[in-house]
Amino acid sequence: MYLRQLRYLQLVIATGSFSAAAREANVSQPAISHAMRTLEKELGAVLFQSVGRRKAPTQAALVAAQRAGELEGGIAKMKQAKSHANAHQGHIRGPILNIGMSPAAAILYGAPISRTWHEHQPSALLCIVGGSSPDLLRALERGELDLVIAPLPRRFHVSDLKQHVMFRTLATIYARVGNPMASARSLGDIEGAGWVVVGREGTPSAMIEEACRVRKLQPPNILVQCGDYHSLLHLVANSDMLGAIPHPALLTDSHLAVQPLRIRETLPRYDVSLFYSESRLQDRGPIQSVVQMLTDLAPGIDVVS
């Protein structure tokens, strides 16, 4: 149902009205209206404003629609990988591990997951899917993914899933060396700065938004939204924009001239966790081995303080 609601959202944005979206989806207008009210309640944000007879999307609606497109693309790639594996049984054997990971988790855990998986299934496929935390967890609940490593979004209820915290982090703000704001010592000092972020919901950028809201500062001015921390660091190093990194291990480009801001305020912490359905992993030894490796590895990931 969640994906259907997001599809309806995309149709309303494309057509400009609930009635036109209903015609495109071949459903009633009340069904579209109900889906949008449900989404607004789940996301905690207004999605549309009436401008004349047209429904104008808010920024929250545009971000949600973009995330829906990314998830659809990830699922499509996952299905394509399955079809490719089925069509080439002579080259790819055994089960496929479908795992959803946030950008930070993919960098931190992608390599050990691959090693463990292929120790048990040398010719089997590992399929990594990206997307927002809520979308990945919904896909896990529907059985479309085997595992998810991502932050647990606030106000998101996880039903019938095991959760193992991989690390608890505190977002650290970075600027290029020489940035006029590099000497800032408080969030107030960087109010109005431009930001580059990786995703929105369940990421350090959302934590910064929360910190600004609690301290009654204006929201961060997000100028660039990118897909990974490698791109974020390059953008920060070559501009006056600021960026947040959730774990020091993500600072892989040591040659980049960036430096942490020594902000006195504590930004909200959040947990990046491994999620899985214990019942669905029964009698699936190779995937259980990956889960065991990750739970053993978790204490080795330093907590950011």
**Q.** Å² per residue, accessible surface of the chain at 1.4 Å
**A.** 49 Å²
Q: Quick one: compute the contact order of the chain, relative version, from alpha carbon pairs under 8 angstrom and 6+ residues apart, as a percent.
A: 20 percent
(Q) Modelling each spin label as a point 7 Å along the Cα-to-Cβ direction, I'd like the residue 214/residue 257 distance in nm, to one decimal. (A) 3.5 nm
Q | Cut-off under 5 Å, modelled amide H: who pairs with residue 273 long-range | A | 150, 152, 166
Q. Between residue 234 and residue 289, what FRET efficiency comes out of the Förster formula 1/(1 + (r/R0)^6) with R0 = 30 Å and r the beta carbon distance, rounded to 0.05?
A. 0.25
Q) With every protein chain left in place, what is the accessible area of residue 128 in Å² (1.4 Å probe, nearest 10)? A) 80 Å²
Q) For residue 29 and residue 62, FRET efficiency with R0 = 22 Å and r from the beta-carbon atoms, rounded to 0.05? A) 0.50
Q: Can you figure out the FRET efficiency of residue 266 with residue 155, using R₀ = 30 Å and their beta-carbon distance, to the nearest 0.05?
A: 0.90
Q) Lysine pairs in the chain with alpha-carbon atoms under 29 Å apart, 8 or more places apart or on different chains: how many are there? A) 6
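The values are calculated or read from the model by the stated rules, or taken from the named source; none is laboratory data. None of these values were measured; they are calculated from a predicted model. Every residue, glycine among them, receives a Cβ derived from its backbone with ideal geometry; neighbour counts consider all protein chains shown. These area figures cover heavy atoms from the full protein model, side chains too; ligands, DNA and RNA do not enter into them. Shrake-Rupley method; radii C 1.70, N 1.55, O 1.52, S 1.80 Å.
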